[in-house]
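Below: one structure, written as structure tokens.
The values are calculated or read from the model by the stated rules, or taken from the named source; none is laboratory data. Quick caveat: nothing in here was measured; it's all calculated off a predicted structure. Note that we place each Cβ from the backbone using ideal geometry, even for glycine, and neighbour counts take in every protein chain shown. For the accessible areas, the whole protein counts, side chains as well, though only heavy atoms, and no ligand, DNA or RNA atoms are used. Shrake-Rupley method; radii C 1.70, N 1.55, O 1.52, S 1.80 Å.
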Amino acid sequence: MGCLVSTAKDTGGIRRRPRSVGEIAVFVPGLRIPKHVDFFEPLGDKLFKNIVERLSALRTRIVVMAGQEAPTTTKPRRKTATQHGGSSLADLQQAIEDYLPVLLGLVKDGSLLEHRVQFVWINQEDDAEETTISNAWYEVLSVLHLMAMLSFSQANLLLLPKTSADGYQPKVSEESRRAAVDVFLKGAGYLDCAVRHVLPQLPIDVRENLPVDLSEGVLRALCLQALGQGVDIQLGMAIDSTKATLAVKRRLACEMVKYWHQAEENIMKLPLTNGWGEKHQHFVKWKYTEAKAAAYYYHGLILDEGNTEKSHGMAVAALQAAEEFLKESKKACEAFNTTAPLSSAGF
């Protein structure tokens with residue numbers, strides 16, 4: 001069950017896609033924005049008035065805040081950013097966390113209220129401008145996706161280099177990097193919950209007609225991206241540490257390869273043809289080839305520690321492979337940056 005309506009993309013330019021997102025460290029495919037819905041007509045005679053009013057007020061708050069936040073999600077806002085990300089992001093995250101438990105009351109134990117409200121969200125990666133579905137599990141899925149994207153946005157703010165008090169070259173502090181790892185794990189948790197526990201609640205016909213933003217492939221790819229970027233940060237900290245061995249660095253690099261390979265398998269088969277979707281695919285390809293370059297590099301260094309002619313020859317081959325993957329990743333990075341919306345990201 002669940003009435004589904006998708007609106008074509010040429011409906012007046014509701015979606016806000018910037019021409020450029022500036023300097024970024026984390027790919028965020030825009031925010032899916034909720035549109036206003038009427039809770040009173042479908043639920044007024046089914047729930048206490050104060051519950052309906054609370055549902056309406058909490059969701060309206062999210063609609064307003066998400067609409068304000070969406071145009072600047074991936075842009076650096078260093079003047080207004082708090083120690084652990086933008087304060088407005090934190091406010092929106094809190095608003096969603098207040099709303100979600102109340103929303104879950106509509107789907108608890110197969111509630112008859114599950115299909116009474118038509119929920120409307122503006123898409124970002126799908127060709128359809130917006131998707132309307134009268135199923136509260138669709139709303140839960142959309143909310144979890146939004147929470148994950150806010151986590152990605154927060155991680156992006158944490159990982160943008162900031163000018164230090166001593167005036168030296170801008171850098172990312174170890175505290176910010178550790179905080180970003182935690183944020184990525186939180187985002188991955190939201191997406192894993194969406195795939196494992198929410199998607200199965202939707203009827204097959206609804207799942208097949210979800211916007212590509214909420215398809216299982218995109219959700220899995222985003223989850224794997226979060227895990228991959230978390231390991232990437234850990235590798236960066238290992239490189240900066242005098243205690244980390246080559247074996248540790250190789251293990252982390254190989255773990256990155258695993259996550260990005262799985263992300264690529266999930267996303268490359270999807271019809272992501274518009275700006276955000278195409279850029280998403282380029283980002284995954286870039287990070288996958290970059291991870292392979294790192295893995296071969298550290299593998300080559302370990303092989304080079306051997307004392308035999310064979311190990312030296314294998315080391316040379318591994319380091320040559322690393323160099324080729326590095327060249328390929330630079331090309332993929334350029335393709336990512338030049339795909340609209342334009343961005344500035346690199347090595």
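Observations, loosely collected:
- Of note, residue 155 satisfies the criterion of being within 22 Å of residue 22 (Cα to Cα), small (Gly, Ala, Ser) and touching a Gly at 6+ places or on another chain (Cβ under 9 Å).
- Checking each residue in the range 191-244 for being β-branched (Val, Ile, Thr) and touching a helix residue (DSSP H, G or I) at 6+ places or on another chain (Cβ under 9 Å) picks out 195, 198, 206, 212, 218, 231, 233, 239.
- Note on the range 91-122: among residues that are at pLDDT below 85 and open to solvent by 40 Å² or more (accessible area, probe 1.4 Å), the one that is nearest to residue 37 (Cα to Cα) is 112.
- Tabulated pairs, the range 221-239, first over 11 Å from residue 152 (Cβ atoms) and in a helix (DSSP H, G or I), second modelled with pLDDT under 95 and open to solvent by 20 Å² or more (accessible area, probe 1.4 Å), C-beta under 6 angstrom, 6+ apart or interchain: 221/266
- Matching residues, the range 266-291, being among the charged types (D, E, K, R) and either closer than 21 Å to residue 215 by Cα or open to solvent by 40 Å² or more (accessible area, probe 1.4 Å) (or both): 269, 278, 279, 285
- Residue match in the range 284-299 (condition: more than 25 Å from residue 220 (Cα to Cα), part of a helix (DSSP H, G or I), free of Cβ contacts under 8 Å to residues at least 60 places away in the same chain and of a type outside the set (Phe, Trp, Tyr)): yes
- Residue 187 meets the conditions (1) modelled with pLDDT of 95 or more; (2) small (Gly, Ala, Ser); (3) surrounded by fewer than 20 Cβ atoms within 10 Å (Cβ to Cβ) in every case but one. The failed one is (3).
- Being at pLDDT 95 or above, under 16 Å from residue 233 (Cα atoms) and assigned to a helix (DSSP H, G or I) is a description that applies to residue 257.
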